[in-house]
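The values are calculated or read from the model by the stated rules, or taken from the named source; none is laboratory data. The structure presented is a predicted model; accordingly, all values stated were derived computationally and were not measured. Reconstructed Cβ throughout: ideal geometry from the backbone, glycine too, with neighbour counts over all protein chains shown. Accessible surface is based on the protein model in full, side chains and every heavy atom, while ligands, DNA and RNA are left aside. Shrake-Rupley method; radii C 1.70, N 1.55, O 1.52, S 1.80 Å.
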Amino acid sequence: MRSLFLSTLIFSTALGVVVPRAGKKIDYNGFKLLRVSLSEGAEDVEAQIEELAAHVLNPGKTAHLDVVVSPSDADAVTALAATSTVLNEDVGAALAEEGELAAYEVPSETWFTAYHSYADHLSFLSDLQAGFPGQSELFTTGSSVQGRTLTGIHIWGSGGKGSKPAVLLHGTVHAREWISTMTTEYFAWQLLTKYASDATVKSLVDKFDYYIIPVVNPDGFVYSQTTDRLWRKNRQTVSGNSCVGRDINRNWPFKWEVPGGASTNPCSETYKGQAAGDSPENTGLRTQVDALKASTGIRLYLDVHSYGQYILWPYGYDCNLVVHNDAEHRSLATRAASAIQAVSGTAYTIGPACATLYATTGDSTDYTDGVGNATYSYTYELRDTGRYGFTLPANQIQPTVRETWEGFISMLKDA
Ligand SMILES: [Zn+2]
């Protein structure tokens, strides 16, 4: 039995890493999404499961791992786990519910009923900006490994450009989290298109300068559309290793060196990089954070992710450390979660990141708090809680962006 098990494991390991054939998109038909729990202290087992899995969807979570596995590896993963449940029998079928990438249309509410290509996201931003030239402009802040500029939109109100404390929003640092692209774009859309007609929106646009970057990991995002829908990291190589990608959200140069909240293995979903801040995407983002700190200051930073339905604040790197304005963070998050829930019942869990979800080092919100002096720093983990995970069906885009907007404006009022 033991030798049979071992041979299964070795055979499966060879299949576990999903490597796309050149120019071909990975076919997830028949792949299963399993939620597995591990016995206490079973870090070696966790590593074995990570090797068998095509992707770990929630790397770092201690309570359970959500893993996508090929049909031939499912039994081996189940055998390693203390308990396992099947969240989805066919990941490929779930992907089909996302719908095709839509053809480009000028910005309208219809934009938020389908997913879009990276090129179309850039067109959306530039067409949106062109409609409001007196109170917005596009900006770039550095570029990706493959030379794509990190592009965002700056929005201001009656005080004029750059006159108010900054609200900084990042989307899609993890390539597969497509709903975060749509959500940050919806915020920009609402702020500009409702300014003239909605007194609340006008007051909030007049209160802050907004800097919104819907896709901070463009290379990974493009790769998630052309090749591997479940890709997370950037597309940076490591010399002497065939695995690709740094986790940009474990690469920020603040408490990067603390052990436990990221991986030093280039093949891991949470690979932290070889040195703090050694991804070009991080350099670009960090440059802007530092510049805003030095000019108007940052009142509110949001890093928008999926999935899990959480609102989290610092710290990620230490579960026992409480941020100096923890009570204020909790107060804003409590009201934002209520505002979201009031729309259609979506329930969020809130709390300090490490204690509430899992330990993360070199993450954005620890940096914006610890180095950027942002008054408030939050990570949003949007819908859902695992049924669809990253591949939220197209018919959930509008409900998600609309409810999250209510949480966002609640925070803006309080901040
Ligand atoms: Zn994420």
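Points to keep in mind about this one:
One line per residue, one yes/no per condition, for (1) touching a strand residue (DSSP E or B) at 6+ places or on another chain (Cβ under 9 Å); (2) closer than 26 Å to Tyr211 by Cβ:
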{"residue": "Cys243", "(1), (2)": "yes, no"}
{"residue": "Asp247", "(1), (2)": "yes, yes"}
{"residue": "Gly261", "(1), (2)": "no, no"}
{"residue": "Gly273", "(1), (2)": "yes, yes"}
{"residue": "Gly297", "(1), (2)": "yes, yes"}
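Residue-wise test of (1) under 29 Å from Leu230 (Cβ atoms); (2) more than 16 Å from the chain's Cα centre (by Cα); (3) in a loop (DSSP other than H, G, I, E, B).
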residue: Thr181; (1), (2), (3): yes, no, no
residue: Trp189; (1), (2), (3): yes, yes, no
residue: Leu192; (1), (2), (3): no, yes, no
residue: Ala196; (1), (2), (3): no, yes, yes
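- Within this structure, Leu332 fails the test of being modelled with pLDDT of 95 or more, within 14 Å of the ligand (Cβ to nearest atom) and farther than 17 Å from Gly171 by Cβ.
For (1) in the same structural domain as Asp27 (by TED's automatic domain parsing); (2) part of a helix (DSSP H, G or I); (3) of a type outside the set (A, V, I, L, M, F, W, C); (4) touching a Pro at 6+ places or on another chain (Cβ under 6 Å), each residue gets a yes or a no:
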position: Gly162; (1), (2), (3), (4): no, no, yes, no
position: Leu169; (1), (2), (3), (4): no, no, no, no
position: Thr200; (1), (2), (3), (4): no, yes, yes, no
position: Tyr211; (1), (2), (3), (4): no, no, yes, no
position: Arg229; (1), (2), (3), (4): no, no, yes, no
position: Pro253; (1), (2), (3), (4): no, no, yes, no
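- Those helices (runs of 4 or more DSSP H) of the range 289-402 in which 3 or more residues are within 28 Å of Lys164 (Cα to Cα) occupy 326-344, 364-370.
- Here Gly351, Gly386 are screened, and the one residue that is within 22 Å of Thr400 (Cα to Cα), surrounded by fewer than 22 Cβ atoms within 10 Å (Cβ to Cβ) and modelled with pLDDT under 95 is Gly386.
- Meets criteria (modelled with pLDDT under 90 and at negative phi) for Pro59: yes
- Test: residue in the range 233-242 that is at positive phi, crowded, with 23+ Cβ neighbours inside 10 Å and not aliphatic (A, V, I, L, M): no
- The single condition from (1) within 27 Å of Asp206 (Cα to Cα); (2) open to solvent by 10 Å² or more (accessible area, probe 1.4 Å); (3) not hydroxyl-bearing (Ser, Thr, Tyr) that Gly372 fails is (2).
- Filtered by the rule that a residue be away from the ligand (no atom under 16 Å from the Cβ) and either of a type in the set (Val, Ile, Thr) or within 15 Å of the chain's Cα centre (by Cα) (or both), the range 218-277 gives Val222, Thr226, Thr227, Thr237, Val238, Val244, Val258, Thr264.
- Odd one out for Thr360 among (1) closer than 22 Å to Ala63 by Cα; (2) open to solvent by 20 Å² or more (accessible area, probe 1.4 Å): (2)
- Members of the range 255-272 found to be among the small types (Gly, Ala, Ser) and assigned to a strand (DSSP E or B), listed by number: Ser263
- The range 169-199 - residue that is out of contact with any helix residue (DSSP H, G or I) (no Cβ under 7 Å at 6 or more places or on another chain) and open to solvent by 10 Å² or more (accessible area, probe 1.4 Å) and, of those, nearest to the ligand (Cβ to nearest atom): Trp178
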